[in-house]
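Encoded as structure tokens, the structure appears first; notes follow it.
The values are calculated or read from the model by the stated rules, or taken from the named source; none is laboratory data. From a predicted model like this one, the values you see are computed outputs, not experimental measurements. Quick reminder, even Gly has a Cβ in these numbers, built from the backbone with ideal geometry, and neighbours come from all protein chains shown.
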Amino acid sequence: MVKFQRKFEEAEIVYNFDDVILLPRLSKVEPKEIDLKTKFSSNIPINIPLVSSPMDTVTEAEMAIALARHGGIGVIHRNCSADEELELIKTVKRSESFIIKEVITISKEAKVGEAAEIMRKYKISGLPVVEGSKLVGIITGRDVRFTDPSIKVSEAMTKDVVVAEPSITPEEAIELMKKHKVEKLPVVDKERRLVGLITYKDVALRGEYREATRDDEGRLRVAAAVSPFDIERAKLLSKYADALVIDVAHFHNENVIEATKKLVKEVEVDIVIGNLGTKEGVLDSVSRIDRVAGLRVGMGSGSVCITTEVTRAGAPTLFAVAQAADALEEIGVRIPIIADGGVRTPGDVALTIAFGASCAMLGYIFASCKESPSPMTIINGRYFKLHRGMGSQSARQKRMALDRYATFSKEIPEGTEIWVPYRGEVASVISEFVSGVKAAMGYAGASNIVELQERSKVARIASRKEKSTTSQNIEPIK
Ligand code: XMP
């Protein structure tokens, strides 16, 4: 009797966004001086603490490109075949780069008609012409447009090509292109072998998106969701993606941990594990798996989650963040924590950071933007976009991400579908969030993410019944 009764006494209190508030503290900087640089995973720095959910109404290539351009990162969903997911990742990687390494070329012996066809197919405006691996010319849309398609490329191409050395900087490349009025610079080594291509569009975009999340080659960064049980997909995607996110609803599961231990050995990129919700779950996982580079935490708080309603199990996002942060503190390990589920406002993002997160993952908010892959509809003259849980009946019909959920719950939906009011381009939503998070940090007296994690104080908001009384109901807990 007492044993079970004690469960009430020993029960932890779980908090989420509506239960706490950031307390104002002495601020030494103005919001515009606040630095939002943080990390997505151990080896992936990002410039703003925003990440998009791997959901099929949230993140495909367009969303991942937009987020990375503005300093965050997108996680491509896995409710598709491995090849389809790979293509989405490649689209992000191809979208911008300083020096393109996989250059589409044409032989000098080919016909002008073939060159035109390749340009049309890949939507590009020019092709370096090669003889073997050596650069011998360049042929552009202008060269092929008024030329007989049956003549050889070597007769229509420009032979006197302006080239760059592999060590060229973006600034030098722009200068060279302006000087010679060209939009493409083939990159050649000392033997004049073609080793890359620089396009004006790519270098110009680099200047436009200075805060973008890029890899060492200047390409936008992107992460990919995978099942822990699909090592082949993980191996395939890891050749292009910057990080893999082990995407299951309940990571603290013997089979999932064992499968992830094997998967980690097969790939070299950062591995983010999740979702986790308790200190115990984090300690078990981190102690058993090598190279964990990120923790995605929060269970059952998402806008389209019905896990907690259906199962009465869950770990609200703020609680899960605090549990994970305390677990890592206990073992003296630093791994970025990604707060996932239920984030609606910039203040919610700031709160997750105050409790130890490095960044927040958003589904609902990004699903409402133009760049999300979800369909749009008009209801009573207003625009809406679809947002659906990956455990919803309709998402399950694709049967690709079924192993996100435990075997016994496969036939019970754990997610739902909603129409979310359309918010327009993600760039303006990001800028609204960035300003809001900075404003929150200004109030909390933090000039950067680490200060918000370490120095901020929060207060607990009294329950609804007590709320109508005075400010005494706000009690500091940190
Ligand atoms: P928001 O609130 O931003 O949350 O839309 C996004 C997160 O919700 C999780 N997710 C689900 N959780 N059933 C669940 O219990 C589902 O069907 C489902 N689909 C997504 C996921 O963690 C996501 O990042």
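Remarks
- Number of the exception - MET119 against (1) assigned to a helix (DSSP H, G or I); (2) of a type in the set (A, V, I, L, M); (3) at pLDDT 95 or above: (3)
- Residue in region 78-86 that is in contact (Cβ under 8 Å) with a residue 24 or more places away in the chain, touching a helix residue (DSSP H, G or I) at 6+ places or on another chain (Cβ under 7 Å) and outside any helix (DSSP H, G or I) present: yes
- Those residues of region 236-268 which are assigned to a helix (DSSP H, G or I) and buried (at least 16 other Cβ atoms within 10 Å of the Cβ), in sequence order: LEU236, LEU237, VAL256, ILE257, ALA259, THR260, LEU263, VAL264
- Qualifying residues in region 214-235 (those that are among the aliphatic types (A, V, I, L, M) and crowded, with 23+ Cβ neighbours inside 10 Å) - the one farthest from GLU62 (Cα to Cα): ALA234
- Criterion (within 16 Å of the ligand (Cβ to nearest atom), at negative phi and touching a strand residue (DSSP E or B) at 6+ places or on another chain (Cβ under 8 Å)) met by exactly one of LEU276, LEU263: LEU276
One line per residue, one yes/no per condition, for (1) closer than 21 Å to ILE271 by Cβ; (2) within 14 Å of the ligand (Cβ to nearest atom); (3) in a loop (DSSP other than H, G, I, E, B); (4) at pLDDT below 95:
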| residue | (1), (2), (3), (4) |
| --- | --- |
| ILE335 | yes, no, yes, no |
| ARG344 | no, yes, yes, no |
| GLY347 | no, no, no, no |
| ILE353 | no, no, no, no |
| PRO373 | no, no, yes, no |
| MET400 | yes, yes, yes, yes |
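Conditions (1) within 15 Å of the ligand (Cβ to nearest atom); (2) surrounded by fewer than 19 Cβ atoms within 10 Å (Cβ to Cβ), marked per residue:
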site	(1), (2)
ASP270	no, no
ASP290	no, yes
GLY300	yes, no
CYS305	yes, no
GLY314	yes, no
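- Residue list for region 379-398, filter: more than 10 Å from the ligand (Cβ to nearest atom), assigned to a loop (DSSP other than H, G, I, E, B) and touching a residue at least 12 places away in the same chain (Cβ under 8 Å): LYS398
- The sole residue among ALA360, ALA324 that is modelled with pLDDT of 95 or more, assigned to a strand (DSSP E or B) and touching a helix residue (DSSP H, G or I) at 6+ places or on another chain (Cβ under 7 Å) is ALA360.
- Any hit, region 10-24, residues being among the β-branched types (Val, Ile, Thr) and part of a helix (DSSP H, G or I): no
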